[in-house]
1. Give the number of residues within segment B:136-186 that are within 30 Å of B:L214 (Cβ to Cβ), within 24 Å of the chain's Cα centre (by Cα) and touching a residue at least 40 places away in the same chain (Cβ under 8 Å).
2. Pick out the one residue from A:V131, A:V136 that is open to solvent by less than 70 Å² (accessible area, probe 1.4 Å), under 26 Å from B:S258 (Cβ atoms) and outside any helix (DSSP H, G or I).
3. Evaluate the following for A:R202: is it open to solvent by 40 Å² or more (accessible area, probe 1.4 Å), in contact (Cβ under 8 Å) with a residue 24 or more places away in the chain and of a type in the set (K, R)?
4. Show the residue pairs that are 6+ apart or on different chains and have beta-carbon atoms under 8 Å apart, the first residue being within segment B:291-309 and at the interface with chain A (Cβ under 7 Å from one of its Cβ atoms) and within 12 Å of B:G255 (Cα to Cα), the second being of a type in the set (F, W, Y) and part of a helix (DSSP H, G or I).
5. State yes or no: is B:L120 open to solvent by 10 Å² or more (accessible area, probe 1.4 Å), within 14 Å of chain A (Cβ to nearest Cβ) and in contact with a helix residue (DSSP H, G or I) (Cβ under 8 Å, 6 or more places away or on another chain)?
6. Kindly indicate the residue of segment A:246-261 that is hydrophobic (A, V, I, L, M, F, W, C) and open to solvent by 10 Å² or more (accessible area, probe 1.4 Å) and also farthest from the other protein chains (Cβ to nearest Cβ) among those meeting that condition.
7. Name the pairs: first residue in segment A:267-288 and more than 10 Å from chain B (Cβ to nearest Cβ), second residue of a type in the set (A, V, I, L, M) and not in a helix (DSSP H, G or I), Cβ to Cβ under 6 Å, at least 6 apart or on different chains?
Amino acid sequence: MSTTASAPATPPAQHDEGRSFIDTVVRAREVSLIGVLALLVLGVSIAEPRFLNAQNLRDILLNVTIVALLAVGQTIVVVTRNIDLSVGSILGITAFATGVMFADHNLPIGVVFVGGILFGAFFGAINGAMVAFAKVPSLVITLGTLYVIRGIDYAWAHGRQINAADMPDSFLDLGTAQVAGFPVLPLITVAVMILVGTVLGRARMGRELYAIGSNPDAANLAGIRVTRRVLGAFVASGAIAGLAGVLYAARFGTLDAAAGNGIELAAVSAVVVGGVAIFGGSGTVYGAALGALLLATIRSSLVNLQVNPFWEQAINGTLLLAAIALDRLLALRMARELRRRASHRV
Amino acid sequence: MSDLKTRLARWETVTVFLLIGAIIYGTSTSEDFFTGGNLNSILSDIVEIAIIALPLTLIIVAAEIDLSVASVVGLTSALIGYLWNHGWAMEMIIPAVIVAGAVAGAINGVLVTRLGLPSLAVTIGTLGLYRGLAYVILGDTAVADFPSQFTDWGFGTFAGTQIPNPFIVFVVLAVVFGIVLHRTGIGRSIFAMGANEEAAHFSGVRVKRIKFWLFVVTGAVAALAGVIYTFRFASARADNAVGLELSVVAVVLLGGVSIFGGRGHLLGVICAVLLLGTLRNALTINDVSAEVLTIVTGSLLLLSVLGPSVAARIRGALRTTKSREEGNVQVQ
């Protein structure tokens, strides 16, 4: 009990030190991602100067839009120590729904956007309800809903393909429009990223999500409404996947039931490469988006360097493994550091 | 322990009932259902899923997971095509690719046991890596000029019955895995480490070693499934069996194996495999689209995990109400 006398005096300073160390570790991931990205772009442009032209960069940004958006949504879920494998299917069904809303019902663009987001949120709510209330691991739940939603999508589409001609030009123009030379679609992703990032980083709701992922039992005992937050996380992920589906329709124009098949793996890879620990509790949407950007840039580099494009998946897989190993190392280091500081306080 | 057993038995009973239900559905809606030829269809359709489900059951009971199995199948297939094109004899190719599968499993094993990485993330990574390697090896071409003695075996039947040859491989493996899991010390160790890894470790169970070898075996068996797949379809392609891992995991969970580890019975998994095959077949015979099948598979998977969870909660709620009532009686 003699420690209580000295405790009030020392914690504030050490607490700040501790927080800034952890901040550095977290920021380090984003910074190193930007660094790797810069090195990559530099290296490729030296080998192939055509890489750096504006059109190519614009293409990379367009290509990464959808995956980066999914990665942002996935971050919200992964941070709580869950995973959402159904985002590809949600994207697919909302993309098709977008086509149907335009082709069959001639709804205005605004309504379609809202409709797509709500549709996605609906599926997210189903996922969240099962995970939060039935307490079944999200891996299994979202594996199941991946199947079920894709099946519903196929059954609804019945082989139908919706063409660009069925959708209004003003909508499709979003896919190619630019604002001051910057394509519009990636801007939407950036806006969502900043919105989600701010909530996660600053709002109480966001911090609670991190707490849940860090230690669910402690979070529960601390009075956090775990069920409600986890449900909310899945609804958000679903809503974002819904938005991604609408953007997919704007970007690609031709829609069938296979849209977004398998894209969930790209989203998870981007998230892990971006520093969001698969065990929850850490990582940011900015990292996740950077992860998606890195993977997309690598893909474009391969094309530009005329490397056999079949290397892409192998490289993505290796990067994912490297990222997880790195995360593990950092987590061990951090745990050691925290233990060291805790022992100093005594 | 017996409480767990009864709970498990309850889910397996559901699976058996579902299997019977599927068979009834099949026979009542089509007279071709109960023929030998149809039995052959059912068993052939799910033979790779069945074979891979065996080691995966052990892995999930050990509280790990391996999502890279389908990619190992693809990689194996690509290797078979590649080596065949380079003049290797099939007798050399088959053992070589199985070793390759074991190596792939060993990589998973090392990352999980030596580096302590979560198997979910690792096997998502190797899922991409191995499939990617398959594409690098074979591109998007197919190799289909295999000698008929192998492809004939692949879709041939056993000794005059209608049972497909590959299914015999499954039966043999099922017996082996069943004995290992339920009748040997290693099997008990696997249950123990799945239930509580630390307790098992301190009880002297070589957790890391067993887990490592489980991954190696899974890789080797997935490679074997890849060989069978290639012969059955008489075609080696890098994109063979894409997405198969979902069916395998679905079947294992449907068979009553807990995703948390430590519980499950191989018979339940075998039942679930037959259920999946029968259901797919019954629906296809009735011209139900493949899409509905996807919905059904997914729903069964959800049911298999929600069922026990909801049942446990109901039981818990009933127990609380019961003890509250008893408490009131006592107070009075």
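The values are calculated or read from the model by the stated rules, or taken from the named source; none is laboratory data. Note that this is a predicted model, so its numbers are computed, not measured. Cβ sites come from the backbone with ideal geometry, for glycine too, and all protein chains shown count toward neighbours. Remember, those area values only see protein heavy atoms, side chains included, never the ligands or the DNA or RNA. Shrake-Rupley method; radii C 1.70, N 1.55, O 1.52, S 1.80 Å.
1. Taking segment B:136-186 and keeping what is within 30 Å of B:L214 (Cβ to Cβ), we get B:136-138, B:150, B:153-154, B:158, B:163-186.
Subsequent filtering for residues that are within 24 Å of the chain's Cα centre (by Cα) retains B:153-154, B:158, B:163-186.
Cutting the leftovers down to touching a residue at least 40 places away in the same chain (Cβ under 8 Å) gives us B:153-154, B:163-164, B:166-167, B:169-170, B:173-174, B:177-178, B:180-182.
Qualifying residue count, segment B:136-186: 15.
2. Details: A:V131 fails: outside any helix (DSSP H, G or I).
Criteria check complete, one pass: A:V136.
3. Working: open to solvent by 40 Å² or more (accessible area, probe 1.4 Å): yes; in contact (Cβ under 8 Å) with a residue 24 or more places away in the chain: no; of a type in the set (K, R): yes.
Here the answer is no, as A:R202 does not meet what is asked.
4. Here the result reads B:L301/A:Y147, each pair linking segment B:291-309 to a residue that is of a type in the set (F, W, Y) and part of a helix (DSSP H, G or I).
5. Working: open to solvent by 10 Å² or more (accessible area, probe 1.4 Å): yes; within 14 Å of chain A (Cβ to nearest Cβ): yes; in contact with a helix residue (DSSP H, G or I) (Cβ under 8 Å, 6 or more places away or on another chain): yes.
Yes.
6. Going through segment A:246-261, the residues hydrophobic (A, V, I, L, M, F, W, C) turn out to be A:246-247, A:249-250, A:252, A:255, A:257-259.
Add one more test, that the residue is open to solvent by 10 Å² or more (accessible area, probe 1.4 Å), and what stays is A:252, A:258.
Numbers: A:F252: 21, A:A258: 11 Å.
Top of the filtered list is A:F252.
7. A:G280/A:V79; A:G283/A:V276; A:G283/A:A277; A:A288/A:V276
Listed here are the residues, each with its yes/no results for (1) under 22 Å from A:A103 (Cβ atoms); (2) within 14 Å of chain B (Cβ to nearest Cβ); (3) out of contact with any His (no Cβ under 8 Å at 6 or more places or on another chain); (4) aliphatic (A, V, I, L, M).
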site: A:M130; (1), (2), (3), (4): no, yes, yes, yes
site: A:W156; (1), (2), (3), (4): yes, yes, yes, no
site: A:P168; (1), (2), (3), (4): yes, no, yes, no
site: A:T176; (1), (2), (3), (4): yes, no, yes, no
site: A:V190; (1), (2), (3), (4): no, no, yes, yes
site: A:L195; (1), (2), (3), (4): no, no, yes, yes
site: A:M205; (1), (2), (3), (4): no, no, yes, yes
